[in-house]
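The values are calculated or read from the model by the stated rules, or taken from the named source; none is laboratory data. Please read these numbers as outputs of a predicted model, since none were measured by experiment. Cβ placement follows ideal geometry from the backbone for every residue including glycine, while neighbour counts extend to all protein chains displayed.
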Amino acid sequence: MGVMNFSLRRRRALAAAMRAGADALLVTHPPDLRYLCGFTGSAGALALTKGRAKLFTDGRYREQAKLEAPGLPLSIESRPAAQAASLWLSESATRCLFNAAHVTVLEIDALRQALPSSKRRGFLQPGQDLVARLREIKDATEIERLRAAAALGCRLFDQALGEIASGATEIEVALTLEQGARRAGAEGMSFDTIVASGERSALPHGRATMAKLPRTGFVTLDFGVLLEGYCSDMTRTVHLGRPKSDARSVYDSVLEAQLAGVAAVRAGVEARAVDEAARSVLRTAELGEYFSHSTGHGVGLEIHEGPRIAAKQTARLEAGMVITIEPGVYLPGRFGVRIEDTVLVTRNGAEVITPTTKALIEL
Ligand code: ZN
Ligand code: ZN
């Protein structure tokens, strides 16, 4: 299916989500631009009304924008966001929503200046992010790409296992993952690769360092590739040497929590119920206080996007969402364990798209 088809379909869905009284949108966040029109440049603005869309970008992206967003009206401007007003004015829009997280005060000032004085007050309004909401439910094209990215992640993990040995540095292990990703055509990694060994495994976000892997102890690998614009995300914790009984028992509890989280996933369920399913297992094991983050997040064009799978989230899961389930236990100064899968929410449950084994691997 061509770029134009799915872009057009997504813009129509967005137009349908626009409410009366807010009949125009400004989109500047690069992943949103890619989602809505295929444009992958680092600077641009998409002006939308219910019936029309126009892309504004600067001279660097003239040819790229034509190639990536064929058929979409294009305007080359030195200040793309500031010029977007022209479309809304020609369509007699009454109110324009923008996402305050992605538009600078400078851009809003410039936009205001471009409006006739009668519209300067109240026309531009920070509003709920309709695009982010739309992006939470993946379409068929996106699910295919997320599956491909996740499958590559699983292959890279299997290859990296051969590099995990006492005395190797964390960075060497990360390099194996990253080189393999690039060789397989990935644009890059979806975030800084986490390789956290020994006591460092107790750091939930321990980026790979020059630390040498110990003779015995856990090694946590949390990494993702960026393939055709889509992120993968998975974590496995392996053990060098034979785990002692306390390490084994923490691993078993985290695995039980992770499986309970995955088992709780189904369209219609509140996100907080999934968090609770995982968290309650660790609470019962008296490890609840060491699970210091939320259970998961959406994955797509960005590594962290909606929905949040956390204790207070009452939003309901919907079929087509792609989320992570990643409980962890971190014992400061001792060790940590995290296990993370990416799953596709379906009507009846969850389909794990990172099916690499979760049995404890001893190396
Ligand atoms: Zn992760
Ligand atoms: Zn994650």
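Brief remarks follow.
- Test set (1) without any contact (Cβ under 8 Å) to a residue 60 or more places away in the chain; (2) at negative phi - residue 122 fails condition number: (2)
Okay, residues lined up against (1) among the basic types (Lys, Arg); (2) farther than 27 Å from residue 196 by Cα; (3) in contact with a Ser or Thr (Cβ under 7 Å, 6 or more places away or on another chain):
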position: 248; (1), (2), (3): yes, no, no
position: 275; (1), (2), (3): no, no, yes
position: 305; (1), (2), (3): no, no, no
position: 325; (1), (2), (3): no, no, yes
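- For beta carbons closer than 8 Å, sequence separation of 6+ or different chains, a first residue in the range 182-197 that is assigned to a strand (DSSP E or B) and a second that is within 11 Å of ligand 1 (Cβ to nearest atom) and of a type in the set (Gly, Ala, Ser), the qualifying pairs are 189/224.
- Matching entry among 140, 149, 168, 110 (being surrounded by 20 or more Cβ atoms within 10 Å (Cβ to Cβ) and either at pLDDT 95 or above or of a type in the set (A, V, I, L, M, F, W, C) (or both)): 149
- Any hit, the range 268-275, residues being touching a helix residue (DSSP H, G or I) at 6+ places or on another chain (Cβ under 8 Å), within 16 Å of ligand 2 (Cβ to nearest atom) and closer than 17 Å to residue 340 by Cβ: yes
Conditions (1) part of a loop (DSSP other than H, G, I, E, B); (2) at negative phi; (3) away from ligand 1 (no atom under 16 Å from the Cβ); (4) more than 18 Å from the chain's Cα centre (by Cα), marked per residue:
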| residue | (1), (2), (3), (4) |
| --- | --- |
| 256 | no, yes, yes, yes |
| 260 | no, yes, yes, yes |
| 263 | no, yes, yes, yes |
| 276 | no, yes, yes, yes |
| 282 | no, yes, yes, yes |
| 336 | no, yes, no, yes |
| 344 | no, yes, yes, no |
| 359 | yes, yes, yes, yes |
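- Residue check, residue 205 in contact with an Asp or Glu (Cβ under 9 Å, 6 or more places away or on another chain), within 12 Å of ligand 1 (Cβ to nearest atom) and farther than 30 Å from residue 141 by Cα: yes
- Filtered residue count, the range 113-137, keeping only those that are in a loop (DSSP other than H, G, I, E, B) and either at pLDDT 95 or above or under 24 Å from residue 92 (Cβ atoms) (or both): 11
- Residue 281 falls short on exactly one of the conditions (1) surrounded by 21 or more Cβ atoms within 10 Å (Cβ to Cβ); (2) within 16 Å of ligand 2 (Cβ to nearest atom), and that condition is (2).
- Residues satisfying the stated conditions in the range 308-334, i.e. assigned to a strand (DSSP E or B) and surrounded by fewer than 22 Cβ atoms within 10 Å (Cβ to Cβ): 308, 316, 331
- Of the helices (runs of 4 or more DSSP H) that lie entirely inside the range 22-102, those containing 2 or more residues that are modelled with pLDDT of 95 or more span 30-37, 62-68.
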